[in-house]
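Let me begin by presenting the structure, written as structure tokens, before commenting on it.
The values are calculated or read from the model by the stated rules, or taken from the named source; none is laboratory data. Since we're looking at a predicted model, the values are computed, not measured. Every residue, glycine as well, gets a Cβ built from its backbone with ideal geometry; the counts of neighbours run over all protein chains shown.
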Amino acid sequence: MGNKQFKLTKLALALGVSVSLAGCFSDNDNNVDIKPPPEPTQKVVAPPTDQVVTKQAGSFSVVVTDSLGNALADDVTASITFPGNPTTVLNTAGDALGSDDTTSTAGSFAFTVADIPEAGLEFDFVVTANGFLSNSGTVELSTDDTDVAQLIRLTPRTLTQEAGKAPIIATTSALTDLKDADGNDVTVTYTAGTGLDLGGKESIELTKKLDSTINAGKAAGGVKVKLKQNTKFIAKNEAGEDVELDELPTLTVAYYGNEATGFQTRVADEDNFNANAEADSALDAFPGGLALSVAAPESADTANVNGSFTTGGFVAIELVDSQNRKVKNFGKNADNQDNTLEVAMQVDATTMNPCPIALPAGGDLATEAAKAFDKGVCTVAAPVARPLAAEDIFPVWSYDEDAGKWSFESYGVVKSNGTEDTFDVVVEVNHLSYWNLDFFTYIINAEKCPNRRFSFDIVDGNGDPSKEYADVLVEASGYRLLIGAYNRTNLAKGTFRNPPSFEVKLKMMKDGKNILDSAMDKDGNVIGSAATDGVASAVTFENLCDLDGGKLTLTTTPAAPIEKNLTPQFTCSNNDAGDIPATPVSTPTIAQLFRNNRFVKTFYPSGTFPVSLEQAAAGASVTYKVRYKNPRNNTWFTKDIGLNATAETLDIPVTCTINDVPVTGTGGN
């Protein structure tokens, strides 16, 4: 009997039958205990559904490049801050920002917002990175533009000029390497409390000037920074208190030409100017952009006014010690007055002055400036622009990198320097930042542009809504505004915020070429002299608000774009460790599309989404890639995508849970 029972038990095991008895199996003949059979299991990888995030009401992303538009090196960590720390800015998971959300080695940042009110949202931001000067920008979200982006350019602290590149030059020098005004060596030492000791010399200086050969017909200018005997170097500690450095800092100076010569040269060659557009400009690196908000003059009834800078050129100056402490000011002299540095800027002589007023011989600068300016803002009702001239009064502005804002500082006077291509403007500065010679204008026809914001349509050569990754470019002497395709949720729409109140020329940029045919106002009237004839033209606007409610027509009638579906999804990186792998799970995230390595569009899908891929023109080639984000952290991935309609996935690998699960579905009757 016992043997029979034992054989039945083995048969049950062979068939995978589970037998359960109280206590244990027992053979009554030989009193042998038999353990119950182990329950068969298999390793099942759980789908990463817990990683999926909830899509928010809107998003914005920031792409960071160097000042020439190149991607940052892989070992460069960029950081982003939001002045005022707005709580409405969320990470891509929809949670409050943490420290991991505001640093990136990928050159990209992405954020979301839970709600977009009717009035819209606006966020200032500041981007920094080791080895680069900081820069700032502003993003605006509205119920029409719910997913937008900005591209920010950071200037390396050392940058050599290159032919064909934007006129920017930067250098970092030890103070012990600087010379006096006559080019002689100087013994430079520093003692806290006493300040800079120049061995009997009055000053040392660093001069940077644009290379006239490289920049012939494009830009002219430069800067000289002069440090004086007994200058002190005061930084801020974490508590915001003044702390004097106990060592010599290094000096970084970067100069940005305003390209006034280049603008005049290109305009003079009308056919070439109409057909082509500058892809990159020193003005693209202007902190915060040239369309901005500043403190209002006393006559205004608001705290701030929106308008435009026309720059005469700008310079960034930094003094940083070995502990990366930045000098903020230069202490006091024996008379308890602020110590200062002298900054002498050379201004391109072809610069236009949109708010001209000159200092008469023997005139008082403050008195004369008040006739045209209030806190640096032009208050002339209908100023008539003219070329810059000697004795013109030029407002001087400084940039607060922590707040990302420009502030009026003082007035400089334009002086002849014996050359034909530049003037001099010399100012004394008591703190360090970007310094900028700028005319700020904001008065505009209130009937045409009451809110200083308006929209317009963009159509192709067939009159159909545009699907091209084209950028709106507005130019004047010392002014440039670029509205990239990445700034627009809808490629067939454009929006101007803070349009300039002076004459400008408008183009549509595509691969360095102008593809604008013509412009019409809201009543269908052609604006300017550009006829609808299929020939690329720059349209001149005396008042850009004439385009409010109007339409831009492109010369191009491209082949229908290729529509391609992309699916961002979580995948299990440890699927191979399981017997049954998990199926990928799609998720909302933020993706950025690059065309020929230039950023062209941002997407914030809830799952699978389509992208339009433009086919290459005859004789040209085009490539696309997508940079996309793990919405749970600041990890970015990049994938080349084929120029075809075949759907592709954007895989986000994560480690998934593996469970031991009983085997089911086995056994017999």
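Please enumerate the residues belonging to the range 347-381 that are over 22 Å from Asn417 (Cβ atoms) and in a loop (DSSP other than H, G, I, E, B).
Correct list: Pro354, Cys355, Asp364, Ala370, Lys371, Ala372, Lys375, Gly376, Thr379, Val380, Ala381.
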Per the filter on the range 182-203, residues closer than 18 Å to Gly331 by Cα and part of a strand (DSSP E or B) are Thr189, Tyr190, Thr191, Gly195, Leu196, Asp197, Ser203
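Counting only residues that are under 24 Å from Ala382 (Cα atoms) and without any contact (Cβ under 8 Å) to a residue 40 or more places away in the chain, which one in the range 348-362 is surrounded by the fewest Cβ atoms within 10 Å (Cβ to Cβ)?
The selected residue is Pro360.
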Among the candidates Asp321, Asp269, single out the residue that is surrounded by fewer than 23 Cβ atoms within 10 Å (Cβ to Cβ), free of Cβ contacts under 8 Å to residues at least 24 places away in the same chain, of a type outside the set (Ser, Thr, Tyr) and at negative phi.
Asp269
So which of Asp457, Asp511, Asp517, Asp471 ends up being on the phi > 0 side of the Ramachandran plot and not basic (Lys, Arg)?
Asp511
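The rows are residues; the columns are (1) polar (S, T, N, Q); (2) in a loop (DSSP other than H, G, I, E, B); (3) out of contact with any helix residue (DSSP H, G or I) (no Cβ under 9 Å at 6 or more places or on another chain).
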{"site": "Thr495", "(1), (2), (3)": "yes, no, no"}
{"site": "Pro499", "(1), (2), (3)": "no, yes, no"}
{"site": "Leu506", "(1), (2), (3)": "no, no, no"}
{"site": "Met509", "(1), (2), (3)": "no, no, yes"}
{"site": "Ser529", "(1), (2), (3)": "yes, yes, yes"}
{"site": "Ala536", "(1), (2), (3)": "no, yes, no"}
Could you tell me which numbered condition Thr146 fails, if it satisfies all but one of (1) touching a residue at least 60 places away in the same chain (Cβ under 8 Å); (2) among the β-branched types (Val, Ile, Thr); (3) not assigned by TED's automatic domain parsing to the domain that holds Leu90?
(3)
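Quick check on the range 290-311: of everything there that is outside any strand (DSSP E or B) and small (Gly, Ala, Ser), which residue is surrounded by the most Cβ atoms within 10 Å (Cβ to Cβ)?
Per the stated criteria, the residue is Ala296.
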Members of the range 643-667 that are free of Cβ contacts under 8 Å to residues at least 60 places away in the same chain and either of a type outside the set (Val, Ile, Thr) or on the phi > 0 side of the Ramachandran plot (or both)
Gly665
Within the range 60-75, track down each residue that is more than 23 Å from Tyr399 (Cα to Cα), surrounded by 19 or more Cβ atoms within 10 Å (Cβ to Cβ) and out of contact with any Ser or Thr (no Cβ under 6 Å at 6 or more places or on another chain).
Phe60, Leu72
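Going by the conditions given, is Ala57 surrounded by fewer than 20 Cβ atoms within 10 Å (Cβ to Cβ), more than 25 Å from Leu432 (Cα to Cα), modelled with pLDDT of 95 or more and touching a strand residue (DSSP E or B) at 6+ places or on another chain (Cβ under 7 Å)?
On the way: surrounded by fewer than 20 Cβ atoms within 10 Å (Cβ to Cβ): yes; more than 25 Å from Leu432 (Cα to Cα): yes; modelled with pLDDT of 95 or more: yes; touching a strand residue (DSSP E or B) at 6+ places or on another chain (Cβ under 7 Å): yes.
So Ala57 passes the test.
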